[in-house]
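The values are calculated or read from the model by the stated rules, or taken from the named source; none is laboratory data. Just so you know, these numbers come straight off a predicted model, no measurement behind them. Using ideal geometry, Cβ is built from the backbone for each residue, glycine included, and neighbour counts are taken over all protein chains shown. Side chains included, ligands, DNA and RNA excluded: accessible areas come from the protein's heavy atoms. Shrake-Rupley method; radii C 1.70, N 1.55, O 1.52, S 1.80 Å.
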Amino acid sequence: MFRLFKKETGYTPVDYRNKLRIKKAQQLLLDGESTMGEISEMLGFENVYYFSRIFKKYVGIPPSRYE
């Protein structure tokens, strides 16, 4: 199943899920109504530090500098 998923999407299931969560995080950060901690919790990250690390991996900058 994992091979088929990667073949069809180009991503592993974990990468695909993280990509979707980071896309939503970008929208929430731009709205400016939630803190990073709240966004991290809403999107199911273990903690704000892990969220920040994954965000930087996918976006290239930390969420605190995202505008």
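What the table below lists for this structure:
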item: Residues of the chain: accessible area per residue with a 1.4 Å probe, Å²; result: 77
item: All aspartates and glutamates inside 14 Å of Lys6 as judged from Cα atoms, apart from same-chain residues fewer than 8 positions distant; result: Asp15
item: Local net charge near Arg21, Cβ-Cβ under 15 Å (Lys/Arg +1, Asp/Glu -1); result: +3
item: Estimated translational D of the chain in µm²/s (Stokes, Kirkwood radius over Cα pairs; 4 °C; 1.567 mPa s); result: 104
item: Proximal lysines to Lys24, defined as alpha-carbon separation beneath 20 angstrom and excluding residues fewer than eight positions away on the same chain; result: Lys56, Lys57
item: Spin-label zone in region 22-43 - amide nitrogen under 18 Å from a point set 7 Å from the Cα of Arg65 along the C-beta vector; result: 26, 29-30, 36
item: Cα centre as origin, Lys/Arg/Asp/Glu Cβ charges: the chain dipole, Debye; result: 500
